[in-house]
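Encoded as structure tokens, the structure appears first; notes follow it.
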Amino acid sequence: LTSKRTTIEQHQRSLPVFNCRQRILKELELNDTVLIMSETGSGKTTQIPQFLLQAGYAKSGMIGITQPRRVAAITVARRVAQELNGNIGDTVGYTVRFEDATSKATKIRFLTDGVLLRESIKDRLLLKYSVIILDEAHERTVNADLLFGIVKDAQKERRKQKLGNLKVVVTSATMDIDHFGKYFSCKGLYLEGRTYPVRVMHTKEEHEDYVHTVLVTLFHIHRTTPRNHDVLVFLTGQEEIESLAQQIRQLAKIDTTGTTDLRVFTLYAQLSQGKQLECFVPTPANVRKVILATNIAETSITIPGIRCVIDCGFVKEKSFNTANGLDVLKSVRISKAQAWQRAGRAGRDADGTCYRAYTKAEMDSFADATQPEILRSNPTSMVLQLLALDIDCNNFDFLDPPLEEGLRSAYKSLDALGAIKTGTVSYITPLGRQMVQYPLDPKYSKLLLTASSFGCMEEILSLVSVLSSDHVFVSNSDKNEMAALAHAKFQSKHGDHLTLLNVFNAFSKTEKPKMWCHDNYLNLRSLTYARNVRRQLTEISERLHLALNSSDDIEMLKKCILNGFFENIAVLQRDGFYITVSGNIRAKIHPSSVLHGKYKPSYILFTEVVQTEQTFLRQVTEISIEWIKEIVPFVKNIPTR
Ligand code: ADP
Ligand code: MG
């Protein structure tokens, strides 16, 4: 145990923030707000909360640290608990959506920015906290942007009401100190990082298929560099990562005839915590660690031992089209700033190399910096959350105000959902107040809140839960036929929503979930997650006194879904494409749908628009024009065939 302690202390002392401990504490003593900027991996997230704890800041309240992603909140909380020689949930805990691992004893609490934002609805002055660390501020998530304004306001109020000052630390790897400094009227502290040089290589020619480029590059690295040089690969999402992981594992076997000198790990948001943590465990010196990660490995998580980075140059982003009011999930080019962040991951422990799967000229065309999410995302949730705080967006102190057009369409759609009343002064309705109780997009909250009047609360609880989880079906390329056969028995002719519901219901009944999922080519992780989500949504629904009724009337169920998703209606055209009612997007049914390649219903509702080379509507269900007229008569301009 003592040797373990010494190792931890050695590690802590080796981090760049260690030398700045006094400076940070001094600044915070003199000022209510401090900005700290330094390289990723210098110890901001794991060390600063400990400095504050030791300096006595947790006596009058908790030290809260926000993270843009749940993975980060969980992994760093575990790390800090370990450094303090305790268990998670004691001195150090975390709270993320649908999971709370804190107790009365918790002094350092990691939480996602979404969770803190929701807490602020109940406790606008954030009285539980003596310090709030807004970490990874450069990520500029919508939630973080809202929190900037909310903590600023809480600081002012607490000072005025003499309720004990709220100290705020804003930390970031690459932040615009001037912009933040002006906004918070405070100084910035630059901490000297300690990184090693990274050699950067670009492809000579442009390649369409970046996954192939990544694969070739990886095996080039594997043949030409020592085995202890670990590789971090940046890709865009779960499906791409899992399929590449499988290819690499197969190729590595062929390459080495049985000896495993290369081990592949994956890292993305939907992965279980256990799996996420695996990539932090060192491999033996003669085994190369390869981590296939999404953007989550860009700044919020630091994995030791990385000497090579392969950057595909893309990131999956949700972007909001103000013209049509719909969110679209698509892969887009990263910014130059992101490219340099990614390259930097190779130079933490020693000299490194970054291989870019794009040319120098291509990179020249990238934007300089990533646009804050608030300028490119659907502001509907945000508007509602602010109104729940009795703040009208027009009077909110934004770091960067969102676009007028987007706000207008958000007010319009919230009004249509019945969540707010717009007028000279807009205000939240009782229904809207209930909607913010759920940690969900307003559409989903509306679904839950109206389900009992359709008599199908239990079904909607299951459906919303399974929609909150990702990729229920395992599509194993090898065994595609077998998988298709297994999946066929869940298929509903009505579409994907009822199919998903069939899967979830069958899963809930099985006594051997693990074996059952394996046999049916279903994702145990996703379904288990959905079951947890369902438990929590049920609790909230009970608190709201909603009747937990159940029905096997499929028509009612579909009408109920339509009632929440009236903005997501699409109409079949003569050429086989669908046109969305809001926004006039031309799209096809996604290949993953049970309705794909079959008879095409004239009217469908969909959950999501996905844009790859083509535009698709994902998760679709057949509806009828009569229902549209009956349930959502205010939906106008329905195109005809
Ligand atoms: P920053 O927030 O400045 O990017 P962190 O505090 O997250 O830095 O990490 C500091 C160092 O702690 C990292 O460089 C890494 O060596 C180590 N570290 C952080 N998290 C873990 C973990 N889960 N497992 C092992 N080491 C970790
Ligand atoms: Mg950090």
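No value in this document is a laboratory result; all are computed from the given coordinates. Values in this document were obtained by computation on a predicted structure and should not be read as measured data. Glycine gets a Cβ as well: all are built from the backbone with ideal geometry, and neighbour counts include every protein chain shown.
Cross-linked pairs Lys489/Lys629; Lys421/Lys443; Lys446/Lys598; Lys330/Lys493; Lys275/Lys514: Cα-Cα separations exceed 26 Å for Lys489/Lys629; Lys446/Lys598; Lys330/Lys493. With the alpha-carbon atoms of segment 4-81 aligned to their principal axes, the span from lowest to highest coordinate is 34, 28, 27 Å, starting with the largest. If the chain linking Ser426 and Ser592 were pulled fully straight, counting 0.36 nm for each residue of separation and taking away their Cα-Cα distance, it would gain 55.7 nm. What nm value, rounded to one decimal, do you get for the distance between Lys489 and Ser3 when each label is placed 7 Å out toward the C-beta? Here the modelled spin labels are 5.4 nm apart. When the Cα atoms of segment 504-565 are aligned to their principal axes, the ranges along those axes come out at 35, 28, 20 Å in descending order.
Taken over segment 155-262, the convex hull of the Cα atoms encloses 240 Å³ per residue.
Here r is the Cβ-Cβ distance between Asn502 and Asp390 and R0 is 30 Å; the resulting FRET efficiency, rounded to 0.05, is 0.10. For the pair segment 225-270 / segment 23-96, the C-alpha centres are spaced 32 Å from each other. Only Cα sites of segment 211-292 enter the Debye sum here, all with the same form factor; the resulting log10 I(q)/I(0) across q = 0.16, 0.27 1/Å is -0.58, -1.53, listed in q order.
Ellipsoid semi-axes for segment 484-619, based on the Cα gyration tensor and the rule √(5λ), read 28, 21, 14 Å when sorted largest first. By the equivalent-ellipsoid construction on the alpha carbon gyration tensor, segment 395-491 comes out with semi-axes of 37, 20, 10 Å, ordered largest to smallest. Computed over segment 463-559, the P(r) curve from all C-alpha pair distances, binned at 5 Å from the origin, holds 2, 12, 21, 23, 20, 12, 6, 2, 1, 0 percent per bin. In segment 481-533 the Cα-Cα distances spread across 10 Å bins starting at 0 as 25, 58, 17, 0 percent of all pairs. Counting Lys and Arg as +1 and Asp and Glu as -1 over every other residue whose Cβ lies under 11 Å from the Cβ of Ala361, the net charge comes to -2. Using R0 = 51 Å, the C-beta based FRET efficiency linking Glu208 and Phe634 works out to 0.70. Basic side chains Lys and Arg get +1 at the Cβ, acidic Asp and Glu get -1 at the Cβ, and with that the dipole of the chain about its Cα centre reaches some 1300 debye. Protection proxy ranking for 338-351, 287-300, using the average of other Cβ atoms within 10 Å per residue and placing the highest first: 287-300, 338-351.
Farthest toward the positive end of the dipole of segment 124-237, out of Leu146, Gln161, Ala173, is the Cα of Gln161, where the dipole comes from beta carbon charges about the Cα centre. For the listed peptides 39-48, 217-226, 57-66, a ranking on the average number of other beta carbons within 10 Å per residue, highest first, reads 39-48, 57-66, 217-226. All C-alpha to C-alpha distances of the chain, sorted into 10 Å bins beginning at zero, yield P(r) values of 3, 15, 25, 27, 20, 9, 2, 0 percent in whole numbers.
Dividing the mean sequence gap of close Cα pairs (under 8 Å, 6+ apart) by how many residues segment 69-173 holds gives a relative contact order of 21 percent. Sequence-distant contacts, meaning Cα pairs under 8 Å at least 6 residues apart, place the relative contact order of segment 191-322 at 36 percent.
DSSP assigns beta bridges within segment 52-205; of those with both partners inside it, close to 15 percent run antiparallel. Dividing the mean sequence gap of close Cα pairs (under 8 Å, 6+ apart) by how many residues the chain holds gives a relative contact order of 11 percent.
The antiparallel fraction among DSSP beta bridges confined to segment 65-140 stands at about 25%.
When segment 312-384 is described by a simple charge dipole with +1 on each Lys and Arg Cβ and -1 on each Asp and Glu Cβ, the residue from Thr370, Ala339, Thr359 located farthest towards its positive end is Thr359.
Would you mind counting up the charge near Thr615? Only other residues with Cβ under 10 Å from its Cβ, with Lys and Arg at +1 and Asp and Glu at -1. Around Thr615, the surrounding residues sum to +2.
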